[in-house]
Each structure stands twice: as structure tokens, then as C-alpha cells.
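Undergrad: Sharing a structure, written as C-alpha cells. Questions coming.
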Amino acid sequence: MRFIAIAIALAAAPALAAPLVVDSGNTPFTLAADATYDSLTVASGSTLILNAAMTVTGDAIIQTGGTVTHDVKPLALSRLLVAGTLEVQTGAFVDLNTKGYGAGGTGGGSAFGASGETLNPLTLQTVAGATDQNGASHGGLGGGTAPAIYGAQVEPATFGGGGGRGTCNSRGGRGAGRIVLQGESLLEASDQR
């Protein structure tokens, strides 16, 4: 009788995702590449900077005084996808103020000097937008002689436009950021900015 040895390669079991707790020991915590965790807690006084997609296979909580945000105009879409419950407590922040297109004027971050940055709705390129003392457009027409409207008022998927330079070379307002929050269920009592 002959025996033939057969080697069977078993696939390794997938690594279990670890819980992520953002607290005083690791704040601010920046997510620069897509990652998966089995739970998420953003503790009071702590900041989670989402510059990529985070998937949570269980529950996520942003505690009172905790903040979720992203850097100015990250290249990837910022997402928090929660398979369980996403709880945003009273006094927690999803803060996207000044995280969009640059404003005109000194220190405004615009590549176009006195004009704010905006998105050309036809070419999808960043272009000069609101000029001196004019408001930016995004989902609706800005103030004064405003640039073209782009983006949606409800569930925007693009950054907010930057306003033009103000009086005495003061800086205009930088546009807002964008983030996708999705949970199987949502408990929300937050302050969104």
C-alpha cells in the first residue's frame, strides 16, 4: 500500500479588530488610513481626527466633551461606519468648522490671495471663488457677487467654499468640512458645528 502525503493549507483566521478608546493618553488620535475596530469610545476632552474611513463592527460612543473632526481638506472621504449603535452624547461635538476650502485674505489659506477657494461644479477643480467682501456658495448662493452654486444643502458630499477677503485685508471665513456618519441605530443629542 502506498500513502501519498497531501499538504492542506488552511487560511489563517482573520485577526479580530481591537477596541479603540481615544482618551487623555492618546488624544488627538488621527486615523490616516482605513481601519476597522470592534468598538469606539471618544472620551470627554479627547479628539478623533478622521482622515479616512473607520469601520466599527460593534457600538461607538462620543462622550460629552469628546470631538470628532478631520484635518483641513483630507484627500480621502472621512467616514465613521458603525454596525451597532452610534451614540453622540449631549455636549459631544462633530466639529467641521473651518475644515473646507480656504478663505481669501491674510492667513485664510486660499491659493488665490484675496479670493476664497471654491469648487467648479463643471470641472470639479478647485478655483478662485468669492472675491473681496463676498460670501462663498455651497448648496446655496453666497452673499454679494457670489460664485456658482455647487454641492447639496442636504447631506453635502463636498467641502464648503471659502469667503472672500474682508475689509482692511481681514480674512474671510473658511468653508466647512464633510464627514459621513452611519450607524445601525443612532442616539444623538450632540452639538454639530
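The values are calculated or read from the model by the stated rules, or taken from the named source; none is laboratory data. This is a predicted model, so every value here is computed, not measured. Cβ coordinates were reconstructed from backbone atoms using ideal geometry, including for glycine residues, and neighbour counts include every protein chain displayed. In case anyone asks, the SASA skips ligands and DNA or RNA and just uses the protein heavy atoms, side chains included. Shrake-Rupley method; radii C 1.70, N 1.55, O 1.52, S 1.80 Å.
Undergrad: Can you tell me which residues in the stretch 64-87 are β-branched (Val, Ile, Thr) and touching a residue at least 60 places away in the same chain (Cβ under 8 Å)?
TA: Hits for the stretch 64-87 are 68, 69, 72, 82, 85.
Undergrad: Given the residues 183, 175, which is the only one that is closer than 20 Å to residue 78 by Cα, in contact (Cβ under 8 Å) with a residue 40 or more places away in the chain, open to solvent by less than 50 Å² (accessible area, probe 1.4 Å) and assigned to a strand (DSSP E or B)? Give the derivation first.
TA: Details: 175 fails: assigned to a strand (DSSP E or B).
Criteria check complete, one pass: 183.
Undergrad: Could you figure out which of (1) more than 14 Å from the chain's Cα centre (by Cα); (2) crowded, with 17+ Cβ neighbours inside 10 Å isn't true of residue 58?
TA: Condition (2) is where residue 58 drops out.
Undergrad: Name the one entry in 55, 90 that is out of contact with any Leu (no Cβ under 9 Å at 6 or more places or on another chain) and in contact (Cβ under 8 Å) with a residue 12 or more places away in the chain.
TA: Values: 55 fails: out of contact with any Leu (no Cβ under 9 Å at 6 or more places or on another chain).
Step by step, each of 55, 90 is checked, and only 90 is out of contact with any Leu (no Cβ under 9 Å at 6 or more places or on another chain) and in contact (Cβ under 8 Å) with a residue 12 or more places away in the chain.
Undergrad: Say we look at the stretch 102-160 and pick out the residues that are of a type in the set (Val, Ile, Thr) and open to solvent by 50 Å² or more (accessible area, probe 1.4 Å); which of these is farthest from the chain's Cα centre (by Cα)? Working first, answer last.
TA: Looking only at the stretch 102-160, we keep the residues that are of a type in the set (Val, Ile, Thr), and these are 106, 118, 123, 126-127, 131, 145, 149, 154, 158.
Cutting the leftovers down to open to solvent by 50 Å² or more (accessible area, probe 1.4 Å) gives us 106, 123, 126, 131, 145, 149, 154.
Numbers: 106: 25, 123: 23, 126: 18, 131: 26, 145: 29, 149: 21, 154: 16 Å.
Step by step, filter the stretch 102-160, then rank; the result is 145.
Undergrad: If you scan the stretch 85-95, which residues turn out to be open to solvent by 20 Å² or more (accessible area, probe 1.4 Å) and within 18 Å of residue 159 (Cβ to Cβ)?
TA: Across the stretch 85-95, the qualifying residue is only 95.
Undergrad: Which numbered condition trips up residue 160, out of (1) in contact with a Leu (Cβ under 8 Å, 6 or more places away or on another chain); (2) assigned to a loop (DSSP other than H, G, I, E, B)?
TA: (1)
Undergrad: I would also like to ask the following. Go through the residues of the stretch 110-119 one by one and say whether even a single one is in contact with a Pro (Cβ under 6 Å, 6 or more places away or on another chain) and touching a residue at least 40 places away in the same chain (Cβ under 8 Å).
TA: Going residue by residue through the stretch 110-119, those that are in contact with a Pro (Cβ under 6 Å, 6 or more places away or on another chain) are 118.
Applying the additional criterion that residues be touching a residue at least 40 places away in the same chain (Cβ under 8 Å) yields 118.
The answer is yes; a qualifying residue exists.
Undergrad: Here is a follow-up. Which numbered condition trips up residue 82, out of (1) open to solvent by less than 40 Å² (accessible area, probe 1.4 Å); (2) β-branched (Val, Ile, Thr); (3) part of a loop (DSSP other than H, G, I, E, B)?
TA: (3)
Undergrad: Another question about this same structure. Can you find, within the stretch 62-76, the residue that is modelled with the lowest pLDDT among those that are of a type in the set (A, V, I, L, M) and open to solvent by less than 60 Å² (accessible area, probe 1.4 Å)?
TA: The extreme case among them is 76.
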